[in-house]
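Novice: Submitted below is the structure of interest, expressed as structure tokens.
The values are calculated or read from the model by the stated rules, or taken from the named source; none is laboratory data. This is a predicted model, so every value here is computed, not measured. Cβ: placed from backbone, ideal geometry, glycine included. Neighbour counts: every protein chain shown. Only protein heavy atoms, including side chains, enter the accessible area calculation; ligands, DNA and RNA are left aside. Shrake-Rupley method; radii C 1.70, N 1.55, O 1.52, S 1.80 Å.
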Amino acid sequence: ADKEAQARTAMRAAFDRVAALDRTLSDYQSTSELMRLCARAGQGPVPISADLFTVLEAAQTLARRTGGAFDVTAGPATRLWRRARRLSELPAADRVAEAHALTGYRQLTLDPQARTATLARPGMSLDVGGLAKGYAADEAISLLTSHGLTRALVALGGDIVVSAPPPGREGWTIDVASLDVPGAPRAHSLLLRDAAVSTAG
């Protein structure tokens, strides 16, 4: 930014936008809009915000394109495996089957005219973790741009979005660590401008 005050104002607005999206999309906060929607699974259409609708619509597009390999209705399985990881023990086969029975992207219906979402069966839950941070980073970059900051980097964990590069540089340098497994590629760097990358996992 040309002035520190401009940078601080834009930065604060971007942080506020990300915090608002966290309150909407988090599956860790029981009071988030996403979790309130899940609590109404099996109860018919539920009106949702434009942000949640946008993310769910993108998720359903990806689900159709991947034949269900990408599926935000995998929430019951996500929670089961989070618990398994925390306890360092595999879940019982019957618990896996129960969780799997509550998943399936075709069980999530969106109505763009009414801007509603319907989860077909009670007990269903959503996990938008594959999209939420990227969407929030995109929104933060858009907000920074609207404040006149056209050269910025937003990093939310391993999800990174960049606009134009810093003055005098060809791009933003993003270091990618090597995985801690035998035969993994060595650490290297990416040079990005007006792009996004996820280095998580």
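Novice: If R₀ is 45 angstrom, what is the calculated FRET efficiency for the pair E170 and R115, using the beta carbon separation as r and rounding to 0.05?
Specialist: 0.60
Novice: Still on this structure, please answer the following. About the Cα centre, and with charges only on the beta carbon of Lys, Arg (+1) and Asp, Glu (-1), how big is the dipole of the chain? Nearest 20 debye, please.
Specialist: My answer is approximately 240 debye.
Novice: Return the carbon/sulfur percentage of the accessible area of the chain, one whole number, probe 1.4 Å, all protein chains in place.
Specialist: Whole-percent figure for carbon plus sulfur exposure: 53.
Novice: Here's a follow-up. For the stretch 1-156, state what percent of all Cα-Cα pairs lands in each successive 10 Å bin, counting from 0 Å until the bin that includes the largest distance.
Specialist: P(r) over the stretch 1-156, rounded to whole percents: 11, 34, 30, 17, 7, 1.
Novice: To the nearest 20 debye, what is the magnitude of the charge dipole of the stretch 45-159 about its Cα centre, counting +1 on the Cβ of each Lys and Arg and -1 on the Cβ of each Asp and Glu? Could you put the intermediate results ahead of the total?
Specialist: Details: 13 positive and 11 negative charges, 48 e Å.
The calculated dipole for the stretch 45-159 is roughly 220 debye.
Novice: In 10 Å bins starting at zero, report the fraction of Cα pairs in the stretch 19-71 per bin as a rounded %.
Specialist: 24, 47, 28, 1
Novice: Once Lys and Arg get +1 and Asp and Glu get -1 on their Cβ, which of M35, P185, A19 lies farthest toward the positive end of the dipole of the chain?
Specialist: M35
Novice: Here's another thing I want to ask about it. If you roll a 1.4 Å probe over the heavy atoms of the protein chains, what accessible area per residue do you get for the stretch 149-194, in Å²?
Specialist: Per residue, the stretch 149-194 has an accessible area of 67 Å².
Novice: Can you show me the helix-derived [θ] at 222 nm for the chain, built from DSSP H runs with n ≥ 4 at -39,500 (n - 2.57) apiece and divided by the number of residues, rounded to the nearest 500.
Specialist: Details: 6 runs with 82 residues, N = 201.
Result for the chain: -13000 deg cm²/dmol, rounded to the nearest 500.
Novice: Hey, how many Å between the Cα centroid of the stretch 131-201 and the Cα centroid of the stretch 39-93?
Specialist: 25 Å
Novice: Using 7 Å Cα-to-Cβ label points, what is the S142/R82 separation (nm, one decimal)?
Specialist: 2.6 nm
Novice: Now, a different point. Compare R169, R151, R186 by solvent-accessible area with a 1.4 Å probe and give them largest first, with all protein chains kept in place.
Specialist: R186, R169, R151
Novice: Is the shape of the stretch 68-201 best called rounded, prolate or oblate, per the rule: a/c under 1.5 gives rounded, else a/b larger than b/c gives prolate, else oblate, with a ≥ b ≥ c the square roots of the Cα gyration tensor eigenvalues?
Specialist: oblate
Novice: Further, regarding this structure: Report the FRET efficiency, 1/(1 + (r/R0)^6), for A195 and D22, where r is their Cβ-Cβ distance and R0 is 30 Å, rounded to 0.05.
Specialist: 0.80
Novice: Follow-up question, since we're still on this one. Output the 0 to 90 degree angle, nearest 10, between the alpha-carbon long axis of helix 4-25 and the longest principal axis computed from the alpha carbons of the chain.
Specialist: For 4-25 against the chain, the angle is about 10 degrees.
Novice: Grab the Cα-Cα distance for R8 and L179, subtract it from 0.36 nm times how many residues apart they are, and report the gain in nm with one decimal.
Specialist: That pair, R8 and L179, stretches by 58.0 nm at full extension.
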